[in-house]
1. If you scan segment 70-113, which residues turn out to be outside any strand (DSSP E or B) and among the acidic types (D, E)?
2. Being free of Cβ contacts under 8 Å to residues at least 40 places away in the same chain, crowded, with 19+ Cβ neighbours inside 10 Å and not hydroxyl-bearing (S, T, Y) is the filter here; which residues of segment 27-47 pass it?
3. Looking at segment 49-80 only, could you name the residues that are without any contact (Cβ under 8 Å) to a residue 40 or more places away in the chain and aliphatic (A, V, I, L, M)?
4. Among the candidates A68, A81, A58, single out the residue that is in the same structural domain as Q26 (by TED's automatic domain parsing) and at pLDDT below 90.
5. Looking at segment 89-132, which of its residues are surrounded by 10 or more Cβ atoms within 10 Å (Cβ to Cβ), of a type in the set (S, T, N, Q) and at pLDDT below 90?
6. Could you look through segment 128-148, keep only residues that are aliphatic (A, V, I, L, M) and part of a loop (DSSP other than H, G, I, E, B), and pick out the one that is farthest from the chain's Cα centre (by Cα)?
7. Exactly one of these conditions fails for Y125: (1) free of Cβ contacts under 8 Å to residues at least 12 places away in the same chain; (2) part of a helix (DSSP H, G or I). Give me its number.
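The values are calculated or read from the model by the stated rules, or taken from the named source; none is laboratory data. Model, not experiment: these values are computed from the prediction. Reconstructed Cβ throughout: ideal geometry from the backbone, glycine too, with neighbour counts over all protein chains shown.
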Amino acid sequence: MKDQSLLVSSAQKLKQHGIKSTPQRQAILAYLMCSDEHPSITMIHQYLQKQDIKVSLATVYNTLELLAKSDLVSEVALDSAGHVRYDYFAKPHYHLICLECGKIEDIFDDTYLELEKLAQAQSDYEIVNSRYDVYGICPKCQQKKANT
C-alpha cells in the first residue's frame with residue numbers, strides 16, 4: 001500500500017475501536033477506506049497480493065470478521081457467486097443492489113434515518129445500528145434487457 005497517510009488513518013481507526021493494529025489489518029482497512037467498490041474477501045486478498053503485502057486468505061477473513069463486529073465495516077450483500085461483499089462505514093448510507101449484475105452503489109442520503117427514529121418511537125427500542133439495502137435492476141442491466 002503506497003499511501004502512508006491512509007495507513008496511519010487506518011491504524012488510528014483500529015486503535016479507536018480497541019483493535020490491535022498489525023500491518024495486515026492496517027492494509028485491509030486502508031483498502032476498504034479508499035475503495036469505491038464493495039470487494040469480496042477474494043478481491044481484497046488479490047489486491048493485497050498485487051501490492052506485495054503478504055497476507056493469507058484466512059487472515060483477510062478473520063480481519064473482516066473482527067472489523068465487522070467492531071462496526072468499522074459492514075457486510076453488504078452476496079454477489080452472484082455467493083460471496084459476501086464488504087464496505088467501510090465512515091458515513092451513514094444505504095445501498096442500491098442490482099439483482100442482475102450484483103453492482104452495489106452507495107447512496108449518501110440521511111432521509112432513511114427518519115425510519116430509525118420512527119422505529120424507536122413506535123417500539124421503545126434503543127436503536128444502535130441499522131442497515132438498509134434497496135434491490136432493483138441497474139440502468140445498464142435494464143438497457144441490456146431492452147436490447148434483447
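1. Correct list: D71, D79, E100, D109, D110.
2. If the condition is that a residue be free of Cβ contacts under 8 Å to residues at least 40 places away in the same chain, crowded, with 19+ Cβ neighbours inside 10 Å and not hydroxyl-bearing (S, T, Y), then A27, I28, A30, H45 are the ones that fit.
3. Filtering segment 49-80 for residues without any contact (Cβ under 8 Å) to a residue 40 or more places away in the chain gives 49-50, 52, 54-65, 68-69, 75, 78-80.
Those that are without any contact (Cβ under 8 Å) to a residue 40 or more places away in the chain and aliphatic (A, V, I, L, M): V55, L57, A58, V60, L64, A68, L78.
4. Criteria check complete, one pass: A81.
5. Selection gives S130 alone.
6. I137
7. Every condition holds for Y125 apart from (2).
One line per residue, one yes/no per condition, for (1) assigned to a helix (DSSP H, G or I); (2) touching a helix residue (DSSP H, G or I) at 6+ places or on another chain (Cβ under 9 Å); (3) of a type in the set (F, W, Y); (4) within 16 Å of K91 (Cα to Cα):
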position: Q26; (1), (2), (3), (4): yes, yes, no, no
position: L29; (1), (2), (3), (4): yes, yes, no, yes
position: L32; (1), (2), (3), (4): yes, yes, no, yes
position: M43; (1), (2), (3), (4): yes, no, no, no
position: D52; (1), (2), (3), (4): no, no, no, no
position: T59; (1), (2), (3), (4): yes, yes, no, no
position: N62; (1), (2), (3), (4): yes, no, no, no
position: E65; (1), (2), (3), (4): yes, no, no, no
position: A68; (1), (2), (3), (4): yes, no, no, yes
